[in-house]
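K.L.:
Take a look at the following structure, please.
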Amino acid sequence: MNIKTNIKHLELALPIYNASGAWCTTEKELHDIAKSKSAAVMFKSMTVKPREGNPEPRLRITDSFSINSMGLPNRGVDYYCKIVDMFAQYQKPLFASIAGFAENEFYDLFERVNDKSFDAIEVNLSCPNVSGKSVFAYNPKISVRILKRLRKRTNKILGVKLPPFNEREEIRNMAEGFVSIGVDFATLINSYPLGCAIDIKKEIMTIKPNMGIGGLGGPSLKAISLAQVVLFHHFSDGKLAIIGVGGVNKGSDIYEYILAGASAVGVGTALIHEGPKIFKRLENELVHMLKEKRVENIKEKIGKLKFME
Ligand code: RRO
């Protein structure tokens, strides 16, 4: 059986890796991911300067969802550029994730990581947790402009991380825009921007920053994320490789994302909860499922979801 997949010319040994933000902020965490069964090493979104992030508690995980308002804690782009070469020994694709607070910062960050041994660059246009800053991707003109300029500056694999959209037309515009300028992949989706979890006993929010409201992830996000994957796959005519993120916690979740049109999936909340050993479990469960369904090659199933007449 073949579970290899591709993001354009980049080959992945299996269709599963860490979502940015999950277990990938420190050198130690990145080594943990590299040593695990994860197909790639995705780095935490990096900013121009190091950041402590928002005050704690800033993450709440329940059985059905997670809420986070991390606030982009990261060591800064220079740190990640300095350590990236250490990860070449693992012979896995290395993904940088960049997050600017202004359009120009994306160009600066990009110049820095583009020079280094990252194989792919994900442009995070969808961080929900910085007070007073809007989500870039909700402005399609700026989003496409940023990616267009970056595309001209690199032959590396270039992708974009997007938030959920509410209308099919917005998705059509984004998908067509990104295809027309040659973006390689879209990671769908970042956490839903406005969620919260209340502690009913104490009658208080369970995280501190921003009135207790942050990005919603985990199993509750899957239904939303799958629909985004289906529509992006449809409107891009399969020309945009898609990484499905949201509620991946078992082999069948991965299979659903593949059917919907994803070439691979990212694991966020469940990785934070279970740790990097989750990749082996997910691989086993996926292989088991493919055997049961007599699927020889996972790539044959990408986007093969059926629709009722
Ligand atoms: O660090 C965060 O608060 C964060 C980021 Br940058 C992101 O892209 N998505 C998210 O849920 N949290």
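The values are calculated or read from the model by the stated rules, or taken from the named source; none is laboratory data. Small disclaimer: the values here were computed from a predicted structure and weren't measured. In this analysis, Cβ positions are derived from the backbone assuming ideal geometry, glycine residues included, and neighbour counts consider all displayed protein chains.
K.L.:
Which of (1) surrounded by 20 or more Cβ atoms within 10 Å (Cβ to Cβ); (2) more than 30 Å from residue 220 (Cα to Cα); (3) of a type in the set (A, V, I, L, M, F, W, C) is the odd one out, the single condition residue 185 does not satisfy?
P.N.:
All conditions pass for residue 185, except number (2).
K.L.:
Among the residues that make up the range 29-52, is at least one of them on the phi > 0 side of the Ramachandran plot, modelled with pLDDT of 95 or more and not aliphatic (A, V, I, L, M)? Write out each step before concluding.
P.N.:
So the first thing to find is which residues in the range 29-52 are on the phi > 0 side of the Ramachandran plot, and the list is none.
No, that holds for no residue.
K.L.:
Scan (1) in contact (Cβ under 8 Å) with a residue 12 or more places away in the chain; (2) more than 16 Å from the ligand (Cβ to nearest atom) for the single condition residue 75 breaks and write down its number.
P.N.:
(2)
K.L.:
Here is a further query. Which condition does residue 110 not pass, out of (1) hydrophobic (A, V, I, L, M, F, W, C); (2) more than 21 Å from residue 190 (Cα to Cα); (3) assigned to a helix (DSSP H, G or I), if it passes all the others?
P.N.:
(2)
K.L.:
Further question on the same structure: Could you check how many residues of the range 32-65 are free of Cβ contacts under 8 Å to residues at least 40 places away in the same chain and not basic (Lys, Arg)?
P.N.:
Of the residues in the range 32-65, 3 are free of Cβ contacts under 8 Å to residues at least 40 places away in the same chain and not basic (Lys, Arg).
K.L.:
Now, a different point. Could you list, in sequence order, all residues of the range 162-179 that are farther than 13 Å from residue 139 by Cα and in a helix (DSSP H, G or I)?
P.N.:
168, 169, 172, 175, 176, 178, 179, listed by residue number.
K.L.:
Any residue at all in the range 58-68 that is at pLDDT 95 or above, on the phi > 0 side of the Ramachandran plot, touching a Gly at 6+ places or on another chain (Cβ under 8 Å) and within 16 Å of the ligand (Cβ to nearest atom)?
P.N.:
no
K.L.:
Can you say whether residue 155 is surrounded by fewer than 21 Cβ atoms within 10 Å (Cβ to Cβ), assigned to a loop (DSSP other than H, G, I, E, B) and modelled with pLDDT of 95 or more, as far as the supplied structure shows?
P.N.:
It is true that residue 155 is surrounded by fewer than 21 Cβ atoms within 10 Å (Cβ to Cβ), assigned to a loop (DSSP other than H, G, I, E, B) and modelled with pLDDT of 95 or more.
K.L.:
Can you give me the number of residues within the range 1-29 that are within 16 Å of the ligand (Cβ to nearest atom), of a type in the set (A, V, I, L, M, F, W, C) and either touching a Ser or Thr at 6+ places or on another chain (Cβ under 8 Å) or touching a residue at least 24 places away in the same chain (Cβ under 8 Å) (or both)?
P.N.:
3
K.L.:
Let me ask you something else. Identify the residue in the range 70-118 that is touching a helix residue (DSSP H, G or I) at 6+ places or on another chain (Cβ under 8 Å) and basic (Lys, Arg) and, among all such residues, is surrounded by the most Cβ atoms within 10 Å (Cβ to Cβ).
P.N.:
92
K.L.:
State the number of residues belonging to the range 92-104 that are farther than 29 Å from residue 249 by Cβ and either in a loop (DSSP other than H, G, I, E, B) or of a type in the set (Ser, Thr, Tyr) (or both). Spell out how you get there, then give the answer.
P.N.:
Step one: of the range 92-104, the residues farther than 29 Å from residue 249 by Cβ are 100-104.
Still in the running and either in a loop (DSSP other than H, G, I, E, B) or of a type in the set (Ser, Thr, Tyr) (or both): 100-102.
So the answer is 3.
K.L.:
Just wondering, is there one or more residues in the range 196-206 that are out of contact with any Gly (no Cβ under 6 Å at 6 or more places or on another chain) and either under 22 Å from residue 106 (Cα atoms) or buried (at least 22 other Cβ atoms within 10 Å of the Cβ) (or both)?
P.N.:
So the first thing to find is which residues in the range 196-206 are out of contact with any Gly (no Cβ under 6 Å at 6 or more places or on another chain), and the list is 197-204, 206.
If we keep only those that are either under 22 Å from residue 106 (Cα atoms) or buried (at least 22 other Cβ atoms within 10 Å of the Cβ) (or both) too, we end up with none.
Looking through the range 196-206, none of the residues is out of contact with any Gly (no Cβ under 6 Å at 6 or more places or on another chain) and either under 22 Å from residue 106 (Cα atoms) or buried (at least 22 other Cβ atoms within 10 Å of the Cβ) (or both).
K.L.:
Another question about this same structure. Given the conditions (1) more than 30 Å from residue 287 (Cβ to Cβ); (2) under 17 Å from the mean Cα position of the chain (by Cα); (3) surrounded by 19 or more Cβ atoms within 10 Å (Cβ to Cβ); (4) not polar (S, T, N, Q), report the number of the one that residue 19 does not fulfil.
P.N.:
Unmet for residue 19, out of (1) more than 30 Å from residue 287 (Cβ to Cβ); (2) under 17 Å from the mean Cα position of the chain (by Cα); (3) surrounded by 19 or more Cβ atoms within 10 Å (Cβ to Cβ); (4) not polar (S, T, N, Q): (1).
K.L.:
Further, regarding this structure: Residue 191 is checked against (1) in contact (Cβ under 8 Å) with a residue 12 or more places away in the chain; (2) surrounded by fewer than 22 Cβ atoms within 10 Å (Cβ to Cβ); (3) in contact with a strand residue (DSSP E or B) (Cβ under 9 Å, 6 or more places away or on another chain) and fails just one. What number does that condition carry?
P.N.:
(2)
K.L.:
Scanning the range 35-55 for residues that are of a type in the set (Lys, Arg) and more than 9 Å from the ligand (Cβ to nearest atom), which turns out nearest to residue 107 (Cα to Cα)? Before the answer, list the steps.
P.N.:
Step one: of the range 35-55, the residues of a type in the set (Lys, Arg) are 35, 37, 44, 49, 51.
Next, only the ones that are more than 9 Å from the ligand (Cβ to nearest atom) stay: 35, 37, 49.
Working: 35: 31, 37: 32, 49: 14 Å.
Applying the filter and picking the extreme gives 49.
K.L.:
What is the one condition in (1) part of a helix (DSSP H, G or I); (2) away from the ligand (no atom under 15 Å from the Cβ); (3) closer than 21 Å to residue 266 by Cβ that residue 118 does not satisfy?
P.N.:
The number of the failed condition is (1).
K.L.:
So which residues in the range 36-91 are among the charged types (D, E, K, R) and in a helix (DSSP H, G or I), if there are any at all?
P.N.:
Listed by number, the residues that qualify are 78, 82, 85.
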